[in-house]
Amino acid sequence: MSSNTSTNGHGFGTAPVFLAAISTILGAILFLRFGYAVGNLGLWGTLMIIVLGHAITIPTGLAIAEIATNLKVKGGGEYYIISRSFGLSIGGAIGLALAISQIISIAFYMIAFAEAFTPLFPYIEQKFGFVPDVRMISLPGAVLLIIFMLTKGADLGVKMLWVVASILAVSLILFFMGGSESAEHVNLFDKIENGDGFFIVFAIVFPGFTGMTAGVGLSGDLKDPGKSIPLGTLAATLTGMLIYTLVVVKLYFNATPEELVNNQLIMSKIALWGPIIPIGLAAASLSSAIGSILIAPRTLQAIAKDGIFPSEKINNILASGRGEENEPVKALLIVSLIAITFIILGDINFVAKLISMFFMTTYGALCAISFLEHFAGNPSYRPTFRSKWYLSLMGAVLSVLIMLQMQPVYAILAFAVLYLTYLGIHSKNKDKQDLSTMFQNVLFQLTRQLHLEIQKRHETLPVMSWRPSVIAISSKTHERLEIFSLITWLSDYYGFGTYYSYLQGMLVKENIEKVEEAKKELLKIVKSSGSSVFVNTVISPSFTSAIAQVIQISGFSGLKNNTLLLEFKQNHKEELENVKIGCSMAEIVRFNLLILRTSGHNFGFKSSMHVWITNKDYNNANLMILLSYIIKGHKDWEKADIKIYVAFQKEQMKDEFNALTKVINEGRLPISKQNIIPLPYKDKLENLIHAKSKFADLVIIGFDRECINKHDNDAVFMNFPEIRDILFVNAKQKIVIQ
């Protein structure tokens, strides 16, 4: 039983979430700084601030509502949501920023609480002969509040919110019932001359919008966070937006811009009973401070429970709680010390700007989580409430942009501190889920959609859009790397490649374990070589059945596979049997054929590539030339020299060269006459190729697959014994290059 109670804390309902949020929204900024905003920016400028502020907070509220209905939100509120979505590393970094902003908020609201007593300062000066410092009120007030929270805890704190909310309601009613004649003739564009700029005012006013997430920090003390957080947060946000708008309009038509700027308690002059405004300000500031002092230690406690701090001792101290409700007493003491430090600073505008910066970071993160989850397609993400992806994107982008507009130097410093904090936390939590998991889900969903779209459109692609989608299969993966290198070059930028490591055998448990191990080794090769090849393994009783399997599999890119790449080693004639099997299979499915004959030379220095075109290669020529340029596009071959030799028998040379020139002029071969080297020969073509290409690092030669089925079919691939690495090419598809 104790365990249950501890898990649910105090077991609050929705009301405390709404009250904590609305009493923070209708707080110090509303009473102290909205007049300043209206005086500096006028009616329309201030309404624009309300719109812009809510363009961030409403998407954030919707994002919180969405994430809270998917996660079982535990202690830590916003930190828990961020860390369980982004992972502990980035969640911890943002969580620390959030905790700091909540702690600074305590100072901000206690300074504002002291400002409520400034109408009494003239009386004190007259009576006692000195002008009090607001810190004479804010510091003792903060100490008393901390003692109160340490002794009474969250339960009584929430009960106080009801009293404060009632005072707020009365003060606003009396404000709207009051009026002033001093500004009854103003036009709709009045404001002071040379006032503060839009984003300066926005930075000072924005903490008023941050109250909408105040109730989220109570998540560990809620009976049903998935219901209470969305309902309470959204209700408070919309209520606050309406009241803000009405207050701005009321201020504008009841005071001059000069009065609004010079009298920060101008609302008391307009209200039906003036003293109610300082009373309302004191109540609102106190309630906001209570809300922050309830939430900040719980955020700190949740961070410590996740072991985010560098010292285990610090984590244990801050994570501990008192009693069955797990009150974060030790975290509260740390929070109190930091808050008192900022109260001593005493500058409400400076503190307001700091709060804005830290809260912007948190809101941007929450909106980014919601946006990314919309596209991740994660089956585990099933919120019962759904925001819109474009609203979340707008909230995330606006948060960053406005941070840079408000205080660009502070914003960049905030990002730098966040990044360094992230690196520190990540070094301790490398094995934990991180932001990369969410991005992997997004990329998976994106590539899935792209592949489906490519597959749908592929049949209608023009022939000049052809690109290689190559399957390679080999049983010699760890003995010969040439075939893997070749498919890497072909699929580096222009094409797609799938490499299968073939294991002969039956589909039994022992072999499954072997191929899993083989796949791990393949992935190591991919990683170390920087290859973009998709690797896999295939178990089959014979090479014939293995090829039959892989050529029927769709390309991972969404395109149909169109080319089969096989290899054999020079002087290993027995390996040609598998090559011939592959040729006959490729013929059935109308695949292009690439047969790599290796020599152990491993492509030498990759400095020279020779392409040989004969009168039998008009069908192969485009593919041969295209492959040579694709290979040269890889960094390994970028310094290679490509030579294209056109060889015809001496007596046919003139006619054949004219025919070839015609093909080039018609654009059916992607070369110019200047790039071809005509070579007439009298005896054997083999002798000419030997003479010119003996030392080439790769030679590309066309072949006719019909020859393979004839009498001496091995001769096609066993020719040219003195040439090292040869790629034999046969095009089955029509390929046009422009």
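Filter the range 588-620 down to the residues that are part of a loop (DSSP other than H, G, I, E, B) and of a type in the set (S, T, N, Q), then identify the one that is nearest to Phe720 (Cα to Cα). By that ranking, first place goes to Ser599.
Of all the residues in the range 526-547, those that are out of contact with any Phe, Trp or Tyr (no Cβ under 7 Å at 6 or more places or on another chain) and within 22 Å of Phe496 (Cβ to Cβ) number 8. Elements of the type helices (runs of 4 or more DSSP H) sitting completely within the range 33-118 and holding at least 1 residues that are modelled with pLDDT of 85 or more: these cover 34-68, 88-115. With respect to Thr544, determine if the residue is in contact with a Leu (Cβ under 8 Å, 6 or more places away or on another chain) and hydroxyl-bearing (Ser, Thr, Tyr). When the stated conditions are applied, Thr544 does not pass them. When the range 634-648 is filtered for residues that are more than 20 Å from Lys692 (Cα to Cα) and of a type in the set (Lys, Arg), only Lys635 remains.
Whether any residue in the range 655-675 is modelled with pLDDT of 75 or more, at negative phi and surrounded by 12 or more Cβ atoms within 10 Å (Cβ to Cβ) is what I want to check. No, every residue in the range 655-675 fails to be modelled with pLDDT of 75 or more, at negative phi and surrounded by 12 or more Cβ atoms within 10 Å (Cβ to Cβ). Looking across the range 260-302, just one residue is buried (at least 24 other Cβ atoms within 10 Å of the Cβ) and of a type in the set (Lys, Arg), and that is Arg298. Remark: pairs (first residue in the range 131-148, in the same structural domain as Leu333 (by TED's automatic domain parsing) and more than 18 Å from Ser288 (Cβ to Cβ); second residue surrounded by fewer than 18 Cβ atoms within 10 Å (Cβ to Cβ) and polar (S, T, N, Q); Cβ separation under 6 Å; 6+ apart in sequence or on different chains) are absent. Is it the case, given these coordinates, that Lys654 is more than 29 Å from Lys476 (Cβ to Cβ), outside any helix (DSSP H, G or I) and out of contact with any helix residue (DSSP H, G or I) (no Cβ under 6 Å at 6 or more places or on another chain)? It is false that Lys654 is more than 29 Å from Lys476 (Cβ to Cβ), outside any helix (DSSP H, G or I) and out of contact with any helix residue (DSSP H, G or I) (no Cβ under 6 Å at 6 or more places or on another chain).
Total residues in the range 680-718 satisfying the condition of being at pLDDT 85 or above and either among the aliphatic types (A, V, I, L, M) or in contact with a helix residue (DSSP H, G or I) (Cβ under 9 Å, 6 or more places away or on another chain) (or both): the figure is 13.
In the range 635-654, which residue that is farther than 25 Å from Tyr494 by Cα and among the hydrophobic types (A, V, I, L, M, F, W, C) is surrounded by the most Cβ atoms within 10 Å (Cβ to Cβ)? Only one residue fits best here, namely Val646.
Which one is farthest from Ile147 (Cα to Cα) among residues in the range 303-331 that are surrounded by fewer than 18 Cβ atoms within 10 Å (Cβ to Cβ) and among the charged types (D, E, K, R)? Among them, the one singled out is Glu312. Any residue at all in the range 559-569 that's in contact with a Ser or Thr (Cβ under 8 Å, 6 or more places away or on another chain), part of a loop (DSSP other than H, G, I, E, B) and surrounded by fewer than 21 Cβ atoms within 10 Å (Cβ to Cβ)? For the range 559-569, residues in contact with a Ser or Thr (Cβ under 8 Å, 6 or more places away or on another chain), part of a loop (DSSP other than H, G, I, E, B) and surrounded by fewer than 21 Cβ atoms within 10 Å (Cβ to Cβ): present.
Number of residues in the range 10-29 that are assigned to a helix (DSSP H, G or I), more than 32 Å from the chain's Cα centre (by Cα) and not hydroxyl-bearing (Ser, Thr, Tyr): the value is 5.
Yes or no, residue by residue, for (1) touching a Cys at 6+ places or on another chain (Cβ under 6 Å); (2) in a loop (DSSP other than H, G, I, E, B); (3) modelled with pLDDT of 85 or more; (4) of a type in the set (D, E, K, R):
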| site | (1), (2), (3), (4) |
| --- | --- |
| Met149 | no, no, no, no |
| Ala154 | no, no, no, no |
| Ala165 | no, no, no, no |
| Val170 | no, no, yes, no |
| Ile173 | no, no, yes, no |
| Ser180 | no, yes, no, no |
| His185 | no, yes, no, no |
| Phe189 | no, yes, no, no |
| Val205 | no, no, yes, no |
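The values are calculated or read from the model by the stated rules, or taken from the named source; none is laboratory data. Since the model is a prediction, treat every value here as computed from it, not as a measurement. Virtual Cβ from ideal backbone geometry, glycine too; neighbours counted across all protein chains shown.
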